Amino acid sequence: MQFTRLSDINLQNKKILVRVDINVPIKNGKVTDDTRIKAIIPTLNYLLDRNCKIILISHFGRPKGKKNSEMSLSQIVDNISKLISQKIYFHHDCIGNTTKEAINKINFGNVILLENLRFYAEEEKNDPKFSQQLAELADIYVNDAFSCSHRAHASIVGVAKFLPSIAGLQMQKELDNLNNLLANPKKPMIAIVGGAKISTKINLIKNLTKIADAIYIAGAMANTFFYAQGKEVGKSLFEKDYKDIALETFEIAKINNCQILLPQDVVVTKNLIENAEYKNISVNEVEQNDIIADIGEQSINEIEKLLTNYETVLWNGPLGAFEIKPFNIGSEKLAKIIANTTCNNGTISVAGGGDSVAAINAINLSDKFSYISTAGGAFLEWLEGLELPGIKALNKTKS
Ligand code: ADP
Ligand code: MG
């Protein structure tokens, strides 16, 4: 995959339009997780070292093409400012003459954040005129929002047609790590896939059968596989309509020489609520009123042993309903096991997916993994083997 890196171009004293993803969670006006803001800081510092004028653009929430003060990016200004230890200017629009004037007013070496791109419906429509208006603001376009690059939006795809386009440092890191993992993984490789629904992960699983030597399926997704095998799943979350697809997955895996593994035991409860009573039973002992809420202890121990046979482990999707304690135990144990094998055995470990990363962050283990993708949907689409429109756009404009 070819793309232009920041180091390929002389950026000294240039006006740079930087697409970032600062769509962070906010509660009562306060940012509750600033991971995405931290991720853009290396690119900002790199450009500031070259005395660039930085014009930051991002979306925030889903305002659906209308102005909405609750989704104003002005709320994020202080958070960015603190992390780069300098003032961030803000402008209440992202295109047009007033925006150009605001950009003209600031000096090189300054940073200005523009208002939420999605206040314009044209953004999500990849409107060419809107793309051009964005492009008019700068000399060079930098995409540092890998997590948005599965969307064919104006600030991700359209704008790249009008300006020299470069991958930012966060984008480079994602692409380099994912390229290394997928194009040339250290073998053998195991993928552990959990999460809620097989319907959202089936293409990912199918594609992984071509890459991994084994796939361990857990979480509510495993329930659909149990059901397809004729097991009782009680009141657990599962997808009846996906029975045939689950069975077909076993076949596809066989053709690709990939082993499909499932838990042997599970944690069940009658009520999927905080601190509910639960028991650990075999997958063959599930009753009609049971809800499978987490992977069983024996299965987690089995995964720990299994991992010693693999050089690379990829993890996506919690192994249980981890938001509801104590059904976070399986996912937390797995995070610890992967962290340990990474540190002690040199196993290459990659994890991604919004909820999976939240589970790993909740116990502060993210820096123990070889790589954690913060990209959510884009990471999943990449694993499905799809070409991401934003990455393709960077490729096409390679100068
Ligand atoms: P990611 O965001 O990491 O890709 P998903 O979105 O696919 O992961 O799945 C995460 C969701 O799956 C979580 O909300 C979690 O509660 C749910 N989940 C996992 N296992 C179960 C289960 N056994 N029962 C109910 N929900 C589950
Ligand atoms: Mg999710």
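The values are calculated or read from the model by the stated rules, or taken from the named source; none is laboratory data. All of these numbers come straight from a predicted model, not from anything done at the bench. Glycine also receives a Cβ, built like all others from the backbone with ideal geometry; neighbour counts cover every protein chain displayed.
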I'd like to verify a number: residues in segment 181-198 that are outside any helix (DSSP H, G or I) and surrounded by fewer than 21 Cβ atoms within 10 Å (Cβ to Cβ), how many? 7
Being of a type in the set (S, T, N, Q), closer than 24 Å to L334 by Cα and either outside any strand (DSSP E or B) or at pLDDT below 95 (or both): is that true of N309 here? yes
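Test Y278 against the stated conditions and say whether it is aromatic (F, W, Y), more than 16 Å from ligand 2 (Cβ to nearest atom) and farther than 24 Å from E239 by Cβ.
On the way: aromatic (F, W, Y): yes; more than 16 Å from ligand 2 (Cβ to nearest atom): yes; farther than 24 Å from E239 by Cβ: no.
Taking the combined requirement at face value, the residue does not satisfy it.
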Among all residue pairs at least 6 apart or on different chains, which show Cβ distances below 6 Å where the first residue, located in segment 336-364, is surrounded by fewer than 16 Cβ atoms within 10 Å (Cβ to Cβ) and the second is among the charged types (D, E, K, R)? I363/E332
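Inside segment 227-306, counting only strands (runs of 3 or more DSSP E) that do not spill past its ends, which hold 2 or more residues that are touching a residue at least 12 places away in the same chain (Cβ under 8 Å) and closer than 23 Å to K336 by Cβ? Give the steps one after another, and end with the answer.
On the way: elements: 259-261, 265-269, 278-282, 291-295.
Hits in segment 227-306: 265-269, 278-282, 291-295.
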Determine whether T269 is of a type outside the set (G, A, S) and surrounded by fewer than 17 Cβ atoms within 10 Å (Cβ to Cβ). no
Which of (1) touching a helix residue (DSSP H, G or I) at 6+ places or on another chain (Cβ under 8 Å); (2) free of Cβ contacts under 8 Å to residues at least 60 places away in the same chain; (3) away from ligand 2 (no atom under 15 Å from the Cβ) is the odd one out, the single condition F322 does not satisfy? (3)
So which of E332, E387, E302, E381 ends up being at pLDDT 95 or above, closer than 26 Å to K187 by Cβ and among the charged types (D, E, K, R)? E302
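Quick one: would you say A321 is more than 16 Å from ligand 1 (Cβ to nearest atom) and under 21 Å from the mean Cα position of the chain (by Cα)?
no
Would you check if L178 is of a type in the set (A, V, I, L, M) and surrounded by fewer than 23 Cβ atoms within 10 Å (Cβ to Cβ)? I'd like the intermediate steps shown before the answer.
Numbers: of a type in the set (A, V, I, L, M): yes; surrounded by fewer than 23 Cβ atoms within 10 Å (Cβ to Cβ): yes.
Yes: the conditions hold for L178.
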Pick out the one residue from D367, D355 that is modelled with pLDDT under 95, away from ligand 1 (no atom under 13 Å from the Cβ), outside any loop (DSSP other than H, G, I, E, B) and acidic (D, E). D367
On the basis of being crowded, with 16+ Cβ neighbours inside 10 Å and modelled with pLDDT of 95 or more, does V18 make the cut? yes
Being in contact with a helix residue (DSSP H, G or I) (Cβ under 7 Å, 6 or more places away or on another chain) and more than 16 Å from ligand 2 (Cβ to nearest atom) narrows it down to one of I300, I348, so name that one. I300
Matching residues, segment 317-347, being of a type outside the set (G, A, S) and in contact with a Phe, Trp or Tyr (Cβ under 8 Å, 6 or more places away or on another chain): P326, F327, N328, E332, L334, I338, T342, T347
Among the numbered criteria (1) under 18 Å from I156 (Cβ atoms); (2) surrounded by 15 or more Cβ atoms within 10 Å (Cβ to Cβ), which one does G65 miss? (2)
